[in-house]
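For reference, the structure is listed below as C-alpha cells.
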Amino acid sequence: MKLNYSLLFAIPLMVIFTMDNMFMELAAPHDPPSQGALLNLIIRGSAAISFVYSIFYFRRMSNYMKFAFALLTAYVFALVFESKYVYDSFMVYPHVFLKVLLFYYIFSMYTFYKGHYHLKFVHLVYFILIFFWMNAILINPDALSISSFTHHERGIHSTSVYMMVLPLFYFMSNYFYKGGLYNLGMTFFVLLTIFFFQHRTVWVVTAVMLAIYYLLIKFKTPKPINFATKLLPVVTVMLVMGIASSAFLFSIHPEIIDKVMENFSDIENMESQGTGGWRYQQWMSYLPFIQDNFVTGMRFKGFELPIQFYRDDIDKPVFEDGKGHFFHSFYVDVLFYTGMIGLSLFLTAAFRPIYQGIKKFQLTTNQIILFTFVCSGFIFGISYVLPPFYYGVLGLCIVAMEKESVPRQTYLQDFASRMMARRQQGRPAVYF
C-alpha cells in the first residue's frame, strides 16, 4: 500500500481547524472551564507561531501581502507600546490583542502554502466530516433527535455547522463535474445536516453561497454546467421521496412544521424574535461606545469598561465584569476594540482574493469553492465572531488565486464551442 504523503500538507490547516469548539469538546468532554483554558492556550501559542513563521518566510509573500502584513505588524507593535506605556506591561489584556493577532493565521497559511501548494481538498473535507460526527455522536448524542429539533436544543456550535459548508460545496462540485450517486448523496446528506442543526445564520449563509456559486459557475468556468440537465431529474425524484417521507414523519411529529415556520419567522423578524433580537439588543447597548471611538476603538479601555448588556428579567449583566466583552458579531467585536483601523486591517487581506477572483477571466473549481467561502464570512460575521479556521481558509484562498489558473487553450476552445452552439440555435454569436 502506497502512503499518500499529500495528507501531510493538510496538517497546518487542520491545526487551525482544531481551534473550533467541537474539537475542544472532544479533548475535554463536558468540562467547559478546561475547554476554555485549552482553547486560550492553543490560540495564543499558535498566533505567536504564525507571526514568527510569517516573518521567517516573509520573502514568499507578494508585494501586496507584504504591505498588508507590515500594516498589521505595525498596529500590533503600537498596541504593545501603548500597553507598556500606560500599564507597564507588554501585553496587559491578551483578550484585546487576540482581536488582531488572529489575522496572522491568514499570513502563516498563505506563506506555508505559497511554498508548499500540495494540499488536496478532499483531506480537509473528510477531516471535517469525521470529527463533526464524532462530536455529534460521542459528545452531543441528545442533539440527534426530533425532540431536540423541535425544542431548538442544537448541541453543535454554530461555527462547527458553518464549517460544514466546505464539504457541501466540495461534493456539489464533484457531482456537477464528475457525476456519481455518492457525490450526490453526500451533497444532500451535508445539506440536511446543516438544516437539522438549525443555526439560522448558517442557513442564510448557505443560501447566499449557493447564489454566489451559481454565478461563478455560470460566468467564470471554462465548462459551464447545464443545471437543468443535472438537477431536474434529481429534484423530481427527491421531491417525490420528500413528500412521501415527510407526510409520514409530519403525521407523527406535526410540531416539526411549526418549528420550521418559527425559524423562518425569526429570520424575517431578526430585530425582535429569537436570538436575533438578543443580538440586536446587545448591539444597541454598545453602539454609543463604538460611535464615540469609531476610528481607533476603545482598545484596553474597552476591556475595563463594565458590561453594558443587561438582562431585563433579573436586571443584571449578561456576562461577568472583568473578563472582557463577548459579542455575537464580528463587526461589533472588532469595531468596539480596535475601531475602523482594526476592521481595515482585516479587509486589506480579505478583499485580495475577492479582487483577484473578479479580475480573472476564468476560475478553477477549487478557486470557486474557496472564493465562495471567503465571501460567506462577510454574512456570517454579522451574527457571530469569525472562527479561527476562517482566517486559515482565507490564507489558502489567496494562494489559490495566485497559483491556480485555467489553461488559456481550454477556455478559448470552450468559448469557440459556445459561439458555435449559439449560431446553430440561431442566436447572436456574441456572448457575454
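Any read-out appearing in this document is the output of simple, stated calculations on the displayed coordinates, not a laboratory observation. What you see is a predicted model, and the numbers here were worked out from it, not measured in a lab. Cβ coordinates were reconstructed from backbone atoms using ideal geometry, including for glycine residues, and neighbour counts include every protein chain displayed.
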Completion exercise
Taking Lys and Arg as +1 and Asp and Glu as -1, residues besides TYR117 with C-beta under 14 Å from its C-beta add up to +2
Exercise for the section: Sort the following peptides by mean Cβ neighbour count (other Cβ atoms within 10 Å, averaged over residues), highest first: 133-143, 368-378. Expected result: 368-378, 133-143
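Students often check this: by mean Cβ neighbours within 10 Å, which of 157-166, 206-215 ranks highest, and how do the rest follow? Mind showing how you got there, number by number?
On the way: 157-166: 23.0, 206-215: 16.1.
In descending order of packing, they fall as 157-166, 206-215.
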Practice task
Decide, for the range 160-227, between rounded, prolate and oblate: order the square roots of the alpha carbon gyration tensor eigenvalues as a ≥ b ≥ c, take rounded if a/c falls under 1.5, and otherwise choose prolate if a/b is larger than b/c, else oblate.
Solution key: oblate
Exercise for the section: Give the peptides 298-304, 40-46 in descending order of average Cβ contacts within 10 Å, highest first. Expected result: 298-304, 40-46
Exercise for the section: Quick one: of LYS66/LYS220; LYS178/LYS403; LYS99/LYS220; LYS218/LYS403; LYS66/LYS120, which pairs are farther than 31 Å apart, Cα to Cα? Expected result: LYS99/LYS220
Problem - Alpha-carbon spread of the range 1-139, three principal axes, descending order, Å - result: 56, 40, 19
